[in-house]
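See below for the structure under consideration.
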Amino acid sequence: MINNHIKTFSTGEFANLFGVKKDTLLYYNKITLFNPAGIHSNGYRYYTLPQLDTFSAIQSLRSVNFPINDLKSYFASPSVPKLNELASRQVENIEKEINKLKENQLFLSRLIEVTNELKNVIIGELILKELPAESVLFSSSKNIDWEAFVEDLSHIYDEFLKEVGVNGAAAFGSVLNKKNLLSENFLQADCLFCRMEGPGTTQKPAGLYAIYYYQGSYDNIKIAYSYLLKEIAFRKLTIDGDAYEEYLLHSLVSKQEEEYITKISTKVKL
């Protein structure tokens, strides 16, 4: 028998108190996370005032994404040590989610940066520009021969993308050292690189850079380098660093290799 002086709430009334759907209460009852206080003779479930605190506690923990199964286990026998353990574990999960969101944010920011740069690209002309220092991450694979088998090159790419995560798909390229650049050994890259912050990164130096945007298949990249060297010499500049190839417009944007745009930049001095 229900004490007539005990305030009871129907499922709808109780749900309205917390701004949730009746289905939420029915689901919690089904999985035995939170049950009604009882059932009226007419078959309708009811809830009581003392249950307000319990449900409020459950909703507070659900609002910070505590897994349902963890809550079932905890509320079966709540205690301070268990709550501490539960919260600590959830903090670790949230930190992982934050890091993932930061990676996604950086990836999208890079895409915006690259697509904005593409709006103002001048194909086939050398430009000079002062660039700030920036952090880059080099691949563990070194001395890459672009004339190697496609399978070998694909493996190198795949390994590097695993190293840098999702960011590599937005802004990556390769490095041709100064010696190979000057000796016109254009198909021997030192390594791959990705512009990103974090552990293990190296500072690409600030300074005046000669920049050339090449459009077309990578098979003809030698033409771009030959023009770059010719123009640098014509302008009486001296190469003062390695060359960075960056693949701005690639398979992420176009299916046609002839439309791909490669940015080649190298530090120079007067």
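For segment 21-141, with only Lys/Arg (+1) and Asp/Glu (-1) charged at the beta-carbon, what is the dipole magnitude about the Cα centre, in debye rounded to 20?
That gives a dipole near 780 debye.
Sorted by accessible area (1.4 Å probe), largest first, how do F172, F14, F234 line up? Could the numbers behind the result be given before it?
Values: F172 25, F14 0, F234 155 Å².
Largest to smallest exposure gives the sequence F234, F172, F14.
Which one, (1) 99, 37, 36; (2) 61, 45, 34; (3) 67, 41, 31, gives Cα extents along the principal axes in Å as derived from the coordinates shown?
This structure yields the entry labelled (1).
Heavy-atom accessible area of K21 with all protein chains present, probe 1.4 Å, nearest 10 Å²?
It works out to around 150 Å².
For the chain, with every protein chain kept in place, what is the accessible area per residue (1.4 Å probe, Å²)? Show your work: numbers first, answer last.
Numbers: 16070 Å² over 270 residues.
Accessible area per residue: 60 Å².
Provide the per-residue ³J(HN,Hα) series for segment 223-228, in order, calculated from phi with Karplus coefficients 6.51, -1.76, 1.60 and θ = phi - 60°, each as a whole number of Hz, with x at glycine and proline positions.
Each residue of segment 223-228 in turn: 4, 5, 5, 4, 5, 4 Hz.
Roughly how many whole Å is it from the C-alpha centroid of segment 140-154 to that of segment 64-118?
So the two Cα centres are separated by 37 Å.
If you rank K162, K22 by how much accessible surface each has, with a 1.4 Å probe, what is the order from largest down?
Working: K162 150, K22 110 Å².
I get K162, K22, largest accessible area first.
Apply the Karplus curve 6.51 cos²θ - 1.76 cosθ + 1.60, θ = phi - 60°, to the phi angles in segment 233-245 and return the couplings in whole Hz, x for Gly and Pro.
Along segment 233-245, the couplings run 5, 4, 8, 6, 9, 10, 5, 10, x, 6, 9, 10, 9 Hz.
Please arrange T262, T32 by accessible surface area, largest first, computed with a 1.4 Å probe and ligands excluded.
Descending order: T32, T262.
If you roll a 1.4 angstrom probe over the protein chains with everything in place, what fraction of the accessible area of the chain belongs to carbon and sulfur, to the nearest %?
Details: 8500 of 16070 Å².
Solvent-exposed carbon and sulfur of the chain make up 53 percent of the total.
Magnitude of the Cβ-charge dipole of segment 109-171, K/R +1 and D/E -1, about the Cα centre, nearest 20 debye?
Here segment 109-171 has a charge dipole of around 280 debye.
Which whole-angstrom value gives the distance between the alpha carbon centres of segment 12-41 and segment 186-221?
Each part reduced to its Cα centre gives a spacing of 60 Å.
I'd like the accessible area for L86, computed on protein heavy atoms only with a 1.4 Å probe and all protein chains in place. Round to 10 Å², please.
10
Go through K119/K267; K142/K267; K179/K236; K102/K269; K72/K162 and tell me which ones have a Cα-Cα distance over 26 Å in this structure. Present the calculation step by step, with values, prior to reporting the outcome.
On the way: K119/K267 23 Å; K142/K267 21 Å; K179/K236 19 Å; K102/K269 37 Å; K72/K162 37 Å.
Flagged as over cut-off: K102/K269; K72/K162.
Charges only on Cβ, +1 for Lys and Arg, -1 for Asp and Glu: so what's the dipole of the chain about the Cα centre, in debye to the nearest 20?
Numbers: 29 positive and 33 negative charges, 240 e Å.
Dipole of the chain, to the nearest 20 debye: 1160 debye.
Going through segment 72-148, which GluC sites (Glu not before Pro) have at most 11 other Cβ atoms within 10 Å and a DSSP loop state? Don't jump to the answer; show the numbers that get you there.
Numbers: sites: E85, E92, E95, E97, E103, E113, E117, E125, E130, E134, E147; in loops: E125, E147.
Filter output for segment 72-148: E125, E147.
Is it possible to state the helix-based mean residue ellipticity at 222 nm for the chain, with each DSSP H run of 4+ residues giving -39500 (n - 2.57), the sum divided by total residues, to the nearest 500 deg cm²/dmol? What is it? All intermediate terms of the calculation are to be shown ahead of the outcome.
On the way: 8 runs with 113 residues, N = 270.
Estimated from H runs of four or more residues: -13500 deg cm²/dmol.
What list of ³J(HN,Hα) couplings, whole Hz, do you get for segment 29-34 from phi and the Karplus terms 6.51, -1.76, 1.60, once you set θ to phi - 60° and write x for glycine and proline?
Rounded to whole hertz, the list is 5, 4, 8, 6, 7, 8.
Which of the GluC sites (Glu not before Pro) found in segment 184-249 are in a DSSP loop and have at most 15 neighbouring Cβ atoms, other than their own, within 10 Å? Write down the numbers at each step before the final one.
Details: sites: E184, E197, E231, E245, E246; in loops: E184, E197.
Here the GluC sites (Glu not before Pro) that fit, given the DSSP loop and packing criteria, are E184, E197.
The values are calculated or read from the model by the stated rules, or taken from the named source; none is laboratory data. Just so you know, these numbers come straight off a predicted model, no measurement behind them. Every residue, glycine among them, receives a Cβ derived from its backbone with ideal geometry; neighbour counts consider all protein chains shown. Surface accessibility is based on the protein's heavy atoms, side chains included, excluding ligands, DNA and RNA. Shrake-Rupley method; radii C 1.70, N 1.55, O 1.52, S 1.80 Å.
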